[in-house]
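First comes the structure, then the notes that go with it.
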Amino acid sequence: MKGYISVFRLRVLSGLQYRTAAGAGILTNFFWGAISIMVLEAFYASSGLAQPISLEETAAYIWLRQSLLMLVVLWLRDGEIAQSIVTGQVSYELTRPYTLYSYWFAKSLAYRLAAGALRFWPILLAARLLPAPYRLQLPPDTMTAVLFFWSMTLSMLITVALAMIMYATIFTTMTPAGSVALFAGISDFLAGGIVPLPLMPAWVQALAYRLPFYTTQDVPFRIYSGHLPYPLALESIMAQVMWLGATLVLGQFLLTRALGRISVQGG
Amino acid sequence: MRLYSKYLAITLKAHLQYPGSFFLLTISQTLFPLSMLVGVHGLFLRFGRLGDWTFPEVALCFGVIHLVFGLSECFSRGFDSFSLLVRNGEFDRLLVRPQSTVVQVLGSRFEFNRIGRLLQGLLVLGWALLNADVAWSVAKGVTVALMIISGYCLFTGFFILQATMSFWTIQGLEVGNILVDGGRELAQYPLSIYKDWVVRFFTWIIPLGSINYLPLLFLLDRSEGVALGHMLSPLVGVLFLIPCLLVWQLGVKHYQSTGS
């Protein structure tokens, strides 16, 4: 365990070096968030009917997504893991005295935390200063904030566990870009990353709420604004714990199986 | 032009050496815009309409943008990844050859798997053209062609500007992505749904509106004032290339090799 913690610490510290890159990323993410809210504002204005989620709650949903992107999207290339599978670098890692799964998990988590830590607060701060309805509201009470914190932590862990499953598939496809894009394209949509899930038609929701992806974005973002009130929030957090367990087990199984069949191509 | 098509043929052959990988990448390229489209459709089911616009009309905007973005990613990707050439000093080699730098940089990279996005854009555009309420005429057909040409030029212009920046910064700058990715995101919808200042900025400073919004008004017979102006507005996107190429020439003059 100590070994993994030091890998984790090392990676966080080195990740924090990339401040300039983060600066430009922040601008892009902020701009993207502002556009999305403008579009949704226009949609809300077009219909007089009451919607399942208010514009303010939607704005919070989008700002949280844009600021915490690094923690919860699968298309992030975290470190050199994908590359090490294709180049065969992974064979070196196998000779070292640790479990590959835990090592990669620590590495990936650290990379995301470092990138996320640099980016999330400027966006949230800026979003707090905007005029309504763009302004990011605070959670309605302390209890909600605490629940959001734990839910977000779980989201991040589930994301890394899902990423591990994705990496295990690269052993078969050998095309990191293809595997990542395929996985990420579907997952982000089903997580509510493109359009908030409560605004989607029933069939999309029915599908999304049966798969693990919604627990990475939809759950914490709705808990934050109070759209998932207290008893429902706890239920959703239980679902997160369950999905975390399931994805961890599946990822370890797939990785072990992939490593059992690995053939190293010289070089 | 002959040189360019030669570059094109070589890269295509190289890509097709790995058909499995090529196919997977092509498919995966369509997923992101496809999920966007499903999202937009879902929003229309929920809200009924977007301001004055119906779903086929928005799909028309959407299709054009993704089509032209796919085109420029396929054929002008060399400029997008240009900062690499500067950083490892390879641009020196291009400079000593007796050919224009623009053609050589264009030829340095093609991304054929973007054909996925391109085809999808084309399909969406086709569907939208059939389903939107358009009274067709020759002039309108010309306008659609102009929209596509103009969009390709505009995004290529963005890529060139982004590339030119790296003469000064050496590193690629993500700031350029605001223009490219942000612009693409923004122009998926008719400009008029945004705030006035956004509309003005993207009509007069960065002529994004000229690719789809302004000519769309003409297609739908909603243009106010001079119809011809709306019809020919895509030409602005083509003209946009001129200042971009001038800035590029300036950048080439300013170029100092990194030496390695």
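Couple of notes before you dig in:
- Residue in region B:221-229 that is crowded, with 18+ Cβ neighbours inside 10 Å and modelled with pLDDT of 85 or more present: no
- Of everything in region A:113-157 that is buried (at least 18 other Cβ atoms within 10 Å of the Cβ) and within 14 Å of A:Tyr230 (Cα to Cα), the residue that is farthest from the chain's Cα centre (by Cα) is A:Thr144.
- B:Phe62 within 20 Å of B:Ala187 (Cβ to Cβ) and touching a Ser or Thr at 6+ places or on another chain (Cβ under 9 Å): no
- Tally, over region B:46-74, of residues that are more than 20 Å from B:Asp221 (Cβ to Cβ) and either of a type in the set (Phe, Trp, Tyr) or not in a helix (DSSP H, G or I) (or both): 4
- Of the residues screened, B:Ala145 is not one that is out of contact with any strand residue (DSSP E or B) (no Cβ under 9 Å at 6 or more places or on another chain), surrounded by fewer than 20 Cβ atoms within 10 Å (Cβ to Cβ) and outside any helix (DSSP H, G or I).
- Top-ranked residue in region A:177-197 [being free of Cβ contacts under 8 Å to residues at least 12 places away in the same chain and not in a helix (DSSP H, G or I); ranked as surrounded by the most Cβ atoms within 10 Å (Cβ to Cβ)]: A:Val195
- Residue within region A:15-33 that is modelled with pLDDT of 90 or more and not aromatic (Phe, Trp, Tyr) present: yes
- Tally, over region A:167-224, of residues that are facing chain B (nearest Cβ under 9 Å), among the hydrophobic types (A, V, I, L, M, F, W, C) and under 22 Å from A:Gly251 (Cα atoms): 10
- Within region A:47-84, being in a helix (DSSP H, G or I), surrounded by fewer than 20 Cβ atoms within 10 Å (Cβ to Cβ) and modelled with pLDDT under 90 holds for A:Ala82, A:Gln83, A:Ser84.
- One residue stands out among those in region B:114-138 that are charged (D, E, K, R) and within 19 Å of the chain's Cα centre (by Cα): the one that is modelled with the lowest pLDDT, which is B:Arg114.
- A single member of B:Leu43, B:Leu106, B:Leu24, B:Leu31 is assigned to a helix (DSSP H, G or I) and more than 14 Å from chain A (Cβ to nearest Cβ), and it is B:Leu106.
- Which listed residue is touching a residue at least 12 places away in the same chain (Cβ under 8 Å), more than 14 Å from every other protein chain (Cβ to nearest Cβ), farther than 24 Å from B:Asp133 by Cβ and crowded, with 17+ Cβ neighbours inside 10 Å, from B:Phe167, B:Phe158, B:Phe202: B:Phe167
A quick yes/no check of all residues on (1) hydrophobic (A, V, I, L, M, F, W, C); (2) at pLDDT below 95:
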site: A:Val204; (1), (2): yes, yes
site: A:Gly226; (1), (2): no, yes
site: A:Ala239; (1), (2): yes, no
site: A:Ala246; (1), (2): yes, no
site: A:Leu250; (1), (2): yes, no
site: A:Leu255; (1), (2): yes, yes
site: A:Arg261; (1), (2): no, yes
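- From the list B:Ala135, B:Ala128, the lone residue that is farther than 30 Å from B:Tyr18 by Cβ, of a type outside the set (Asp, Glu) and either free of Cβ contacts under 8 Å to residues at least 12 places away in the same chain or assigned to a helix (DSSP H, G or I) (or both) is B:Ala128.
The values are calculated or read from the model by the stated rules, or taken from the named source; none is laboratory data. All values reported here derive from a predicted model rather than from experimental measurement. Every residue, glycine as well, gets a Cβ built from its backbone with ideal geometry; the counts of neighbours run over all protein chains shown.
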